[in-house]
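One structure is given here, and the rest of the page talks about it.
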Amino acid sequence: MNPAYSVIFFTTASGAGYGLLALLGLTASSVGQSPSLAFVLVSMVLALALITAGLLSSTFHLGHPERAWRALSQWKTSWLSREGVAAIVTYPFALAFGLAWSGLYPAPDAIAPLGVITALLSLITVFTTGKIYATLKTIRAWHQPLTVPVYLFFALASGSALHLALSAFFTRDPGPVAPVALLSLGTLAVLKFLYWRAIDQAPRDRTMGDATGLGDHVRQWEVPHTTKNFVQREMGFVVARRHGKRLRGLFYILLLVAVLLELLAITIPLVSIIAFFIVFISAWVERWLFFAQGEHVVTLFYGNAQA
Amino acid sequence: MTALPQTTSKKLGLVIDLDTCVGCQACATSCKEWNTQGYSAPLADEDTRGADPHGPWLNRIHGYEVEDTNGKDSRVVHFPRSCLHCETPACVTVCPTGASYKRAEDGIVLINPDTCIGCKLCSWACPYGAREYDVQEGVMKKCTLCVDRIYNENFEPEDRQPACVKACPTGARHFGDLGDENSAVSQLVKERGGFDLLPEMGYKPTNKYLPPRAKRDTPQAGIEALPKGDGSAMDRLFKLADRLLSGN
Ligand code: SF4
Ligand code: SF4
Ligand code: SF4
């Protein structure tokens with residue numbers, strides 16, 4: 001699948017935003033008022049800005065952005081629609097939570113319930129994003145049980161890394177999320193390892209012969225176009241195995257560096273800012289690979305022998 | 001609406017004969033020609049005079065080379081591919097806007113060009129590559145089964161057929177109700193062993209493909225030897241002409 005930058009930006013930015021929002025909600029509901037108003041305001045604004053930037057970028061890549069509201073209508077069948085609904089529903093709760101938590105609207109009793117609801121809605125939104133991909137039977141590498149967990153843990157890992165960085169900056173204290181950050185990075189590495197093993201082991205047992213019904217000894221003879229058509233531009237892209245391996249290696253190295261930096265941040269808190277950027281870059285690498293290694297079954301009609 | 005109808009009263013679709021299709025592209029061009037002026041917006045191409053001309057086509061003709069199992073012989077099979085108007089297609093259920101829908105009355109899968117937002121997700125969900133995005137209109141396009149022809153009362157009854165079916169010079173495309181087992185198309189499918197593309201995907205395509213027939217001649221028979229000349233003046237003249245023209 002073509003790794004379109006707008007989609008990679010959308011899923012990584014909004015993933016980090018929702019992850020941060022979820023962790024802010026959860027920590028606030030257990031720890032209560034934050035010692036630093038600046039931390040509360042900046043982290044809330046940053047979380048919502050990341051989410052909004054992601055949503056806007058995904059809207060702008062539509063053919064008709066002005067009709068985007070229509071995408072909220074088919075939540076009964078479409079995960080993309082559900083994602084839109086979940087994203088919209090999260091906003092008012094997140095705003096209410098931010099107001100209560102910051103004390104701008106004094107309601108200390110509301111912090112905990114609003115925090116939990118905001119966290120849940122954030123994670124549900126990321127879940128729906130993962131589901132859009134995981135339910136596509138046409139792309140074997142996406143139609144996997146681990147696709148959704150990886151999306152969720154990426155949101156948690158990048159959100160908690162950002163949470164660490166923000167608390168380090170404003171309070172010089174890694175705060176209660178340090179173990180969450182480390183655990184989510186570790187889980188992510190394991191999930192991704194298992195995911196890659198699963199897609200490598202999944203038999204590519206659909207053949208050109210199955211697609212065309214012409215048996216085992218069939219090959220492409222004439223293409224049905226002058227230059228590459230939409231289907232090939234959108235779905236024909238697959239990264240070479242060799243490059244894929246190298247990028248996977250890079251991903252593991254980035255995660256390892258991030259873990260080490262987050263450990264170091266226990267003594268030198270500000271290092272966690274670098275850790276966050278490393279996690280975010282690893283998210284880009286992973287998301288790019290997720291697309292580039294998604295082999296679409298339609299390629300069988302276009303000369304791919306098996307998929 | 002993107003919920004699929006439980007059943008459809010008819011299952012209109014095409015039956016495509018891989019034996020008789022000669023790959024002439026008449027169906028593809030007539031499809032483009034009809035659909036650039038019919039239902040939905042024009043099917044405009046990009047960079048038509050430049051180095052990279054491309055644009056949405058609703059019907060494309062692939063060519064495949066099929067080798068004999070003994071590896072001694074091969075044949076070319078022309079393979080038209082358009083929307084199969086599946087019974088349980090995910091291209092419809094993934095659509096967030098309801099622009100993509102399957103009609104309960106005849107099973108035709110359509111896109112409403114006035115509500116499609118051009119998110120392209122439906123094209124990812126189609127295993128058959130039947131949906132192509134129209135950059136100029138910002139909406140998805142696909143075969144409409146010529147819904148604006150087959151019910152068109154302004155046409156003579158014999159013209160109420162898809163453009164591609166009417167255009168095919170070898171009669172390789174058949175249109176009809178595949179839900180009615182007595183229809184001509186259903187009979188044809190039964191007789192010729194019509195098959196589904198990628199049945200294991202579970203989309204239950206309505207369109208069926210008829211396999212190429214077994215070859216009647218074999219290359220082992222060889223090219224027949226040319227008849228020997230009779231040595232007449234006419235024969236010698238032809239031989240001279242042959243030598244001059246072939247340059248030896
Ligand atoms: S062929 Fe593709 S576009 Fe047509 S109904 Fe089936 S899944 Fe949908
Ligand atoms: S491109 Fe249009 S028809 Fe396809 S899923 Fe998106 S809104 Fe629906
Ligand atoms: S039925 Fe109409 S729209 Fe579909 S392939 Fe034939 S000509 Fe094109």
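Just give me the residues in region B:81-103 being surrounded by fewer than 19 Cβ atoms within 10 Å (Cβ to Cβ) and near ligand 1 (Cβ under 10 Å from one of its atoms), in sequence order.
Quick first cut of region B:81-103, residues surrounded by fewer than 19 Cβ atoms within 10 Å (Cβ to Cβ) only: B:88, B:103.
If the condition is that a residue be surrounded by fewer than 19 Cβ atoms within 10 Å (Cβ to Cβ) and near ligand 1 (Cβ under 10 Å from one of its atoms), then B:T88 is the only one that fits.
If you go through region B:194-207 and pick out every residue that is farther than 19 Å from A:M208 by Cβ and more than 11 Å from ligand 1 (Cβ to nearest atom), you end up with 1. For region A:106-145, the set of residues classified as surrounded by fewer than 19 Cβ atoms within 10 Å (Cβ to Cβ) and either under 27 Å from B:Y203 (Cβ atoms) or polar (S, T, N, Q) (or both) consists of A:K131, A:T135, A:K137, A:H143, A:Q144, A:P145, listed by residue number.
Yes/no matrix, rows are residues, columns are (1) within 14 Å of chain B (Cβ to nearest Cβ); (2) hydroxyl-bearing (S, T, Y); (3) within 16 Å of ligand 3 (Cβ to nearest atom); (4) under 24 Å from the mean Cα position of the chain (by Cα):
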{"residue": "A:S30", "(1), (2), (3), (4)": "no, yes, no, no"}
{"residue": "A:S58", "(1), (2), (3), (4)": "yes, yes, no, yes"}
{"residue": "A:R70", "(1), (2), (3), (4)": "yes, no, no, yes"}
{"residue": "A:S78", "(1), (2), (3), (4)": "yes, yes, no, yes"}
{"residue": "A:S81", "(1), (2), (3), (4)": "yes, yes, no, yes"}
{"residue": "A:A87", "(1), (2), (3), (4)": "yes, no, no, yes"}
{"residue": "A:Y105", "(1), (2), (3), (4)": "no, yes, no, no"}
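Taking region B:116-223 as the region of interest, the strands (runs of 3 or more DSSP E) fully inside it that hold 2 or more residues being within 13 Å of ligand 3 (Cβ to nearest atom) and more than 10 Å from chain A (Cβ to nearest Cβ) are B:173-177. The set of residues from region A:204-257 being polar (S, T, N, Q), out of contact with any Gly (no Cβ under 8 Å at 6 or more places or on another chain), under 28 Å from B:G202 (Cβ atoms) and open to solvent by 30 Å² or more (accessible area, probe 1.4 Å) comprises A:T207, A:Q232. Restricting the first member to region A:270-293 and to residues that are more than 19 Å from A:R241 (Cα to Cα), and the second to residues that are outside any helix (DSSP H, G or I) and open to solvent by less than 10 Å² (accessible area, probe 1.4 Å), the beta-carbon pairs closer than 8 Å and six or more apart or on different chains are A:V271/A:A265; A:S272/A:A265; A:A275/A:A265. Would it be correct to say that B:W57 is open to solvent by 10 Å² or more (accessible area, probe 1.4 Å), within 8 Å of another protein chain (Cβ to nearest Cβ) and assigned to a helix (DSSP H, G or I)? So B:W57 does not fit the description; no. When the residues of region B:104-115 are filtered to those that are open to solvent by less than 10 Å² (accessible area, probe 1.4 Å) and assigned to a loop (DSSP other than H, G, I, E, B), which remaining residue is farthest from A:H296 (Cα to Cα)? Among those that are open to solvent by less than 10 Å² (accessible area, probe 1.4 Å) and assigned to a loop (DSSP other than H, G, I, E, B), it is B:D106.
Note on region B:68-113: among residues that are more than 24 Å from B:Q6 (Cα to Cα) and basic (K, R), the one that is farthest from ligand 3 (Cβ to nearest atom) is B:K72. State whether one or more residues within region A:176-186 are open to solvent by 10 Å² or more (accessible area, probe 1.4 Å), within 14 Å of chain B (Cβ to nearest Cβ) and free of Cβ contacts under 8 Å to residues at least 40 places away in the same chain. No, that holds for no residue. For B:L84, the criteria (1) within 23 Å of A:G215 (Cβ to Cβ); (2) within 11 Å of chain A (Cβ to nearest Cβ); (3) touching a residue at least 12 places away in the same chain (Cβ under 8 Å) hold in every case but one, which is (2). Summed over region B:149-165, the residues that are among the charged types (D, E, K, R) and crowded, with 16+ Cβ neighbours inside 10 Å give a count of 2. Considered as a group, the residues in region B:61-80 that are open to solvent by 10 Å² or more (accessible area, probe 1.4 Å) and in contact (Cβ under 8 Å) with a residue 24 or more places away in the chain include one that is nearest to B:T20 (Cα to Cα), and that residue is B:H78. All of A:F9, A:F93 fail the test of being modelled with pLDDT under 95 and open to solvent by 30 Å² or more (accessible area, probe 1.4 Å), apart from A:F9.
The values are calculated or read from the model by the stated rules, or taken from the named source; none is laboratory data. This is a predicted model, so every value here is computed, not measured. Quick reminder, even Gly has a Cβ in these numbers, built from the backbone with ideal geometry, and neighbours come from all protein chains shown. These accessible areas exclude ligands, DNA and RNA; they are computed on the full protein's heavy atoms, side chains included. Shrake-Rupley method; radii C 1.70, N 1.55, O 1.52, S 1.80 Å.
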